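First the structure, in the form of structure tokens, and then the observations on it.
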Ligand SMILES: Nc1ncnc2c1ncn2[C@@H]1O[C@H](COP(=O)(O)OP(=O)(O)O)[C@@H](O)[C@H]1O
Ligand SMILES: CC(C)(COP(=O)(O)O)[C@@H](O)C(=O)NCCC(=O)O
Ligand SMILES: [K+]
């Protein structure tokens, strides 16, 4: 069995496969001691692990040690690359790019094979544009929605509110409404800017992934949702590496 892991800054997403058929997939919290506890009993039958991570180095090392102790097969970490199958990274220093961004872009490139926008609404929101010819045109990194809520709670003394994910865009008339409608307002602004960029750049479509994907779609983001786009791209690359 092959185990694919996408370890972000908030959640660890995993997928167990046998001969490229998905046996099971799920997620754990990166703040828990054992984010893979749901599949502990299967790790002894895993022949290979492929990992995409942007987690803190101490967490990456702890995950590596946890896997090495339990998995008989190889544990391989995959990072952003300069180029693969015609997809070309715009970063001169590719090692600085989050592995999740490259794997999400590669998953989109393999699925579409033409210009597209990739949005990962996770702990941070990342946006990447790829041209029809496979050139990474560049992208953006924004604070994630939960990160924005958290910064208001921790950095503003007199803002008390309960976050809610309902979409409401009218001007708020209480602290809670001003904050929650503000989050919908920011999400709408992101969606509208994406639509303008995709139009101007002549990109064919938008692929969205990440825990807050549905929130962006709820305010009108015209995108197809691919909940495991990072795992998809990671799986394509790992398969290509081992089939070469
Ligand atoms: N059950 C959940 N646990 C944690 N975050 C969640 C959950 N459901 C939705 N979210 C939202 O998804 C975001 C995390 O998305 P995810 O793609 O897992 O992040 P990352 O890849 O950065 O670890 C959080 O910031 C939060 O706003
Ligand atoms: C921007 C990110 C934190 C997003 O990660 P996530 O929100 O999925 O945890 C991650 O892609 C990252 O650490 N990037 C490194 C900087 C860069 O991509 O330029
Ligand atoms: K992510």
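Descriptive notes on the structure:
- Rough spin-label spacing in nm, given labels placed 7 Å along Cα→Cβ, for residue 45 and residue 222: 4.6
- Antiparallel bridges, percent of DSSP beta bridges restricted to the stretch 2-78 (to nearest 5): 55
- Counting other Cβ atoms within 10 Å as a rough exposure proxy, the listed residues 106, 91 run 91, 106 from fewest neighbours to most.
- Whole-angstrom gap from the stretch 175-202 to the stretch 1-62, using each part's C-alpha centre: 32
- R0 of 45 Å, Cβ-Cβ distance residue 69-residue 200: FRET efficiency to nearest 0.05: 0.35
- Relative packing of peptides 205-211, 25-31 - highest average C-beta neighbours within 10 Å first: 205-211, 25-31
- The C-alpha atoms of the chain define a longest principal axis, and helix 229-243 lies at about 20 degrees to it.
- Among beta bridges identified by DSSP and lying wholly in the chain, the antiparallel ones come to about 60 percent.
- Sites residue 22 and residue 243, calculated FRET efficiency, Cβ-Cβ separation with R0 25 Å, nearest 0.05: 0.85
- Taking each DSSP H run with n ≥ 4 as -39500 (n - 2.57) and averaging over every residue of the chain yields -11500 deg cm²/dmol at 222 nm.
- To the nearest ten degrees, helix 99-112 and the longest principal axis of the Cα atoms of the chain are 90 degrees apart.
- Once both labels are positioned 7 Å from their Cα atoms along Cα-to-Cβ, the gap between residue 34 and residue 131 label points is 5.1 nm.
- When each of the peptides 41-53, 62-74 is scored by how many other beta carbons lie within 10 Å of its residues on average, the order from highest to lowest is 41-53, 62-74.
- Rounded to 5, percent antiparallel among DSSP beta bridges of the stretch 114-227: 65
Every read-out reported here was derived from the displayed coordinates using simple, explicitly stated rules and does not represent laboratory data. Here the structure is a predicted model, which is why all the values come from computation and not from measurement. Note that each Cβ is placed from the backbone with ideal geometry, even for glycine, and that neighbours are counted across all protein chains shown.
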